[in-house]
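Data block below; observations after.
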Amino acid sequence: MFRSVVFIACAVAMTAWFLYKLRYLRSRWESPRLWALCAAIFFTAATLWLAAPSNVLWVDGVTGVPNLSTLLVAACQTVSGGVYLTLALLWRHPFRKAWPLVRWIVLSCPLCVITLSLLFSASSTPVERTEDFNTYYAGQPTVAAFSLLWLAWVLAGHAMLAYWCFRWTREPDYAEFPWLRRGLRLYGAYGLNVALFPLVGIVAIIAHRTGTAELDEPYKATGLIVAPMGVLLVTAALTLPTLGPKADSVASWTFRWRLYLRLRPAHRALVKVAPELAHTAPGRRFDPYHRTRRMVLELSDWRWSLAPLFDPELAELAERWGRRAGYRGEALAAMVEAAQLKHALQAWTKGERSTARDRGGGEEARDGAFTTELTWWVQVADAFSRCPVVGAAVAARA
C-alpha cells in the first residue's frame, strides 16, 4: 500500500507538470525543445503510474496478461531515457546540428522496445510480481535478457544525460546564465538518481543468477527512493531557471529597501537644509530604487550646502579618535564625513551661513557610478546615526 501511495503521488506531480507545459505548445508549436520536454515528462509520468503496485494489478487484471504492466513500464522508461537525451542535445545545439545524434536515438528506442516485447512474449511469467519481477524471474534466460536489456538501456541513457549536463555546466558560454547552469546541474543529478535504479537492478539480477538473493530487498527499496527524489529534482530543474532570476530580483528589491532604511535617519536630519529638494515621483513611493536614488542626490546637494561650514579642526579630532576606536580606510573617512555633517548641521540650524568655499577637512561630494555613491552614503549615514565617536567629537568641538 505504501509503495502504491508513493508512486501515485509522484505520478500526480509529473502529470500536473505535463499539463502545465502542454499549454505552451499552442504558442510554440514548432519548438522541438518544448516537444521533447513534454514527451519526457509524459513518459516519466506514465512510468510512475504503471509502476504503482495497485495499478500493476489493475492493468494485468483488465488485460488478462500477467505482468504486462512490467513490459509497459520498461517501454515507457526506455522511451523516457531517449527523450531526455534528445532534450539535452536540443538544449545544447541547434536542431540541425543535434539531428544526427537525435536520429539515432529516435531509431534505437523503437528497436529496443520491440526487442523487449519479443523477449517478454517468449518468457513464462504466470505469477504476478508487483515489486520484484526482474529478480524473481531472473532464472529464466529470456527474462534475464529482457531485464538486463531494459535496465542497461536506462542506465546508459541517464548516465550519459548526467555526463553531458555536468560537462556543459563548465562551458564558458553558460557563465552569464548562472540559473540555467544550476538547472543543468539538477538535470545531471536527476540522471544520476535514475541511473541508480538500473545499476542496483543489474547487480541484483547477476547476483540472483549466481545463487545470491541478498540484493533483492535493496533493489525493491531503491525504487521507493529514486521515484520521489527524481520528481523533486525534475521539479527543481524545471522551475529554477525561471524562478531563479525572479528570486534575485526579490532579493535585490529587499536589499535596496534595507539600504533605504539605513539612509533614512541621516536624510530626515539633513532635510531641514533645503526641504524643497526632497521629492518622490508620483507612483514611485514604494519603489526602493527610485527612493534610494533620490536620497543620494538630495544628500549630495545638502552636503554641498553645508560644506562651507565644515570645521578642519573637528575633522582632525574625529580622525584621531576614530583611529583609536579602530576605524580605517573608507570607514574612517565616512565617520569623519558624518562628524562634519552633524557639526555643520548644528551650525546651520543656529542660523550660521557662509559663502566661502569648502575650507577643507571634508571630502567633496563623490562622483562616479551610482552604486559607489550609494555605498559611500550608506556608510556615512550609519556613522551619522549610530557611531558614538561622531557624537563625542561633535560634542567636544562644540
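Annotations for the structure displayed:
- None of ARG291, ARG324, ARG284 is among the basic types (Lys, Arg) and under 21 Å from THR375 (Cβ atoms) except ARG291.
- Condition check for ILE202: at pLDDT 85 or above, hydrophobic (A, V, I, L, M, F, W, C), over 29 Å from ALA16 (Cβ atoms) and crowded, with 16+ Cβ neighbours inside 10 Å: yes
- Residue that is open to solvent by less than 60 Å² (accessible area, probe 1.4 Å), assigned to a helix (DSSP H, G or I) and touching a residue at least 12 places away in the same chain (Cβ under 8 Å), where the choices are THR130, THR70: THR70
- Checking each residue in the range 1-49 for being basic (Lys, Arg) and in contact with a helix residue (DSSP H, G or I) (Cβ under 7 Å, 6 or more places away or on another chain) picks out ARG3, LYS21, ARG28, ARG33.
- Test: residue in the range 148-157 that is within 18 Å of THR235 (Cα to Cα) and surrounded by 17 or more Cβ atoms within 10 Å (Cβ to Cβ): no
- Odd one out for VAL336 among (1) in contact (Cβ under 8 Å) with a residue 40 or more places away in the chain; (2) closer than 24 Å to VAL271 by Cβ: (1)
- Of all residues in the range 258-280, those satisfying the criterion of being open to solvent by 50 Å² or more (accessible area, probe 1.4 Å) and assigned to a helix (DSSP H, G or I) are ARG258, LEU261, ARG262, ARG264, PRO265, ARG268, LYS272, PRO275, GLU276, LEU277.
- Check on THR47, within 25 Å of ALA221 (Cα to Cα), polar (S, T, N, Q), open to solvent by less than 60 Å² (accessible area, probe 1.4 Å) and in contact with a Cys (Cβ under 6 Å, 6 or more places away or on another chain): yes
- Looking only at residues in the range 206-244 that are open to solvent by 50 Å² or more (accessible area, probe 1.4 Å) and among the small types (Gly, Ala, Ser), the one that is nearest to GLY139 (Cα to Cα) is GLY211.
- Extreme residue, most open to solvent (accessible area, probe 1.4 Å), among residues of the range 281-337 that are assigned to a loop (DSSP other than H, G, I, E, B) and among the aromatic types (Phe, Trp, Tyr): PHE286
- Pairs where the first residue, in the range 244-266, is touching a residue at least 60 places away in the same chain (Cβ under 8 Å) and under 15 Å from ARG294 (Cα atoms) and the second is among the hydroxyl-bearing types (Ser, Thr, Tyr) and crowded, with 16+ Cβ neighbours inside 10 Å, C-beta under 8 Å, 6+ apart: LEU259/THR292; LEU263/THR292; PRO265/SER385; ALA266/SER385
- Residue list for the range 92-123, filter: in a helix (DSSP H, G or I), open to solvent by less than 70 Å² (accessible area, probe 1.4 Å) and closer than 16 Å to TRP168 by Cβ: ARG92, ALA98
- Flag for LEU85 being farther than 29 Å from THR239 by Cβ and among the aliphatic types (A, V, I, L, M): no
- Within the set GLY82, GLY61, the sole residue that is assigned to a helix (DSSP H, G or I) and either basic (Lys, Arg) or touching a residue at least 40 places away in the same chain (Cβ under 8 Å) (or both) turns out to be GLY82.
- Residue pairs meeting the criteria (Cβ under 6 Å; at least 6 apart or on separate chains; first on the phi < 0 side of the Ramachandran plot and modelled with pLDDT under 95, in the range 364-383; second crowded, with 20+ Cβ neighbours inside 10 Å and among the basic types (Lys, Arg)): ALA365/ARG303
The values are calculated or read from the model by the stated rules, or taken from the named source; none is laboratory data. This one's a predicted model, so the numbers in the text were calculated from it and none came from an experiment. Here the Cβ is made from the backbone with ideal geometry for all residues, glycine too, and neighbour counts use every protein chain on show. Side chains are part of the model used for accessible areas, which takes the heavy atoms of the whole protein and leaves out ligands, DNA and RNA. Shrake-Rupley method; radii C 1.70, N 1.55, O 1.52, S 1.80 Å.
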